[in-house]
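Q: Right, I'll just put the structure down here and ask away after.
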Amino acid sequence: MFKRISIAAAGLAATTLPAFAHLNPEEHGSFMAGFSHPLFGADHILAMVAVGIWAAQIGGRALWVVPSAFVGTMAIGFMMALGGIDLPFVEPAILASVIALGLLVAMAARFPVSAAAAVVGIFALFHGHAHGGELGSAGALQFGVGFVIATALLHVAGIAAGLGVSRLGAVASRIIGALTALAGLTLAFGG
């Protein structure tokens, strides 16, 4: 068990590299640019996988409702940015989402499904806004479809990880949550 937790910790530690998700807006506009966007930023990966793990911890309807709430609200944030509607503190809110979602996993917080969906939805609004705020207007549909699919796949990976790690015991997923929160703090304050 210790070996598996060590491997998971090493994997999470490797994702604490600087966020490279925010590409040059002139390069945006394609499906692949959108698809790759969440995959090249530690902040996005950590938050989206944590959503899946937390949904797995809650179980039942949360397995599809919580990730769906994230994806749907993220799309709304994306459209808000494209429409020129500003949100304050987008980047700090994204970093806060990594820390908060990591802590929710670490505490194995048992929220009602609707409350969990609302929590992830708030964070998703900022993630989506960041995607749209960097895009401009060229290729918005293709880019949006790409990052929505990548996000959904990261949620599925988180659900699979959460269900798999739960077989090791509740402590294992709590450790992953704590490491996620620590990685978020590193991203936020580790220069």
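The values are calculated or read from the model by the stated rules, or taken from the named source; none is laboratory data. Treat the numbers as computed from the prediction; the structure is a model and nothing was measured. Here Cβ is always computed from backbone atoms with ideal geometry, including for glycine, and neighbour counts include all displayed protein chains. Calculation scope for accessible area: heavy atoms of the full protein, side chains included, ligands and nucleic acids excluded. Shrake-Rupley method; radii C 1.70, N 1.55, O 1.52, S 1.80 Å.
Q: Would you confirm whether or not the stretch 130-147 contains a residue that is buried (at least 16 other Cβ atoms within 10 Å of the Cβ) and under 23 Å from LEU185 (Cα atoms)?
A: Filtering the stretch 130-147 down to residues buried (at least 16 other Cβ atoms within 10 Å of the Cβ) leaves 130-135, 139-140, 142-144, 146-147.
Next cut, under 23 Å from LEU185 (Cα atoms) only: 130-131.
Within the stretch 130-147 (the criterion being buried (at least 16 other Cβ atoms within 10 Å of the Cβ) and under 23 Å from LEU185 (Cα atoms)), the answer is yes, since at least one residue qualifies.
Q: Tell me which residues, restricted to the stretch 150-184, are surrounded by 15 or more Cβ atoms within 10 Å (Cβ to Cβ), among the β-branched types (Val, Ile, Thr) and more than 12 Å from ALA56 (Cα to Cα).
A: THR151, ILE175, ILE176, THR180, listed by residue number.
Q: In the stretch 153-191, how many are of a type in the set (Lys, Arg) and part of a loop (DSSP other than H, G, I, E, B)?
A: 1
Q: Sticking with this structure for a sec: Of the residues that make up the stretch 105-114, is at least one open to solvent by less than 60 Å² (accessible area, probe 1.4 Å), in a helix (DSSP H, G or I), among the aliphatic types (A, V, I, L, M) and out of contact with any Lys or Arg (no Cβ under 8 Å at 6 or more places or on another chain)?
A: Looking for residues that are open to solvent by less than 60 Å² (accessible area, probe 1.4 Å), in a helix (DSSP H, G or I), among the aliphatic types (A, V, I, L, M) and out of contact with any Lys or Arg (no Cβ under 8 Å at 6 or more places or on another chain), one finds none in the stretch 105-114, hence no.
Q: Could you grab me the full set of residues in the stretch 30-63 that are over 15 Å from LEU154 (Cβ atoms) and of a type outside the set (Val, Ile, Thr)?
A: Listed by number, the residues that qualify are SER30, PHE31, MET32, ALA33, GLN57, GLY59, GLY60, ARG61, ALA62.
Q: Would you mind stating whether VAL120 is in contact with a helix residue (DSSP H, G or I) (Cβ under 7 Å, 6 or more places away or on another chain), part of a helix (DSSP H, G or I) and open to solvent by 40 Å² or more (accessible area, probe 1.4 Å)?
A: no
Q: Here is a follow-up. I'm trying to understand the selection: among the residues of the stretch 71-82, which are surrounded by fewer than 17 Cβ atoms within 10 Å (Cβ to Cβ) and among the small types (Gly, Ala, Ser)?
A: Of everything in the stretch 71-82, just one residue is surrounded by fewer than 17 Cβ atoms within 10 Å (Cβ to Cβ) and among the small types (Gly, Ala, Ser), namely GLY72.
Every residue, every condition in (1) polar (S, T, N, Q); (2) under 18 Å from the mean Cα position of the chain (by Cα); (3) closer than 23 Å to GLN142 by Cα; (4) crowded, with 19+ Cβ neighbours inside 10 Å, yes or no:
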position	(1), (2), (3), (4)
GLY34	no, yes, yes, yes
LEU39	no, yes, yes, no
HIS44	no, yes, yes, yes
GLY52	no, yes, no, yes
ALA56	no, yes, no, yes
ALA69	no, yes, yes, yes
ILE85	no, no, yes, no
PRO88	no, no, no, no
GLU91	no, yes, no, no
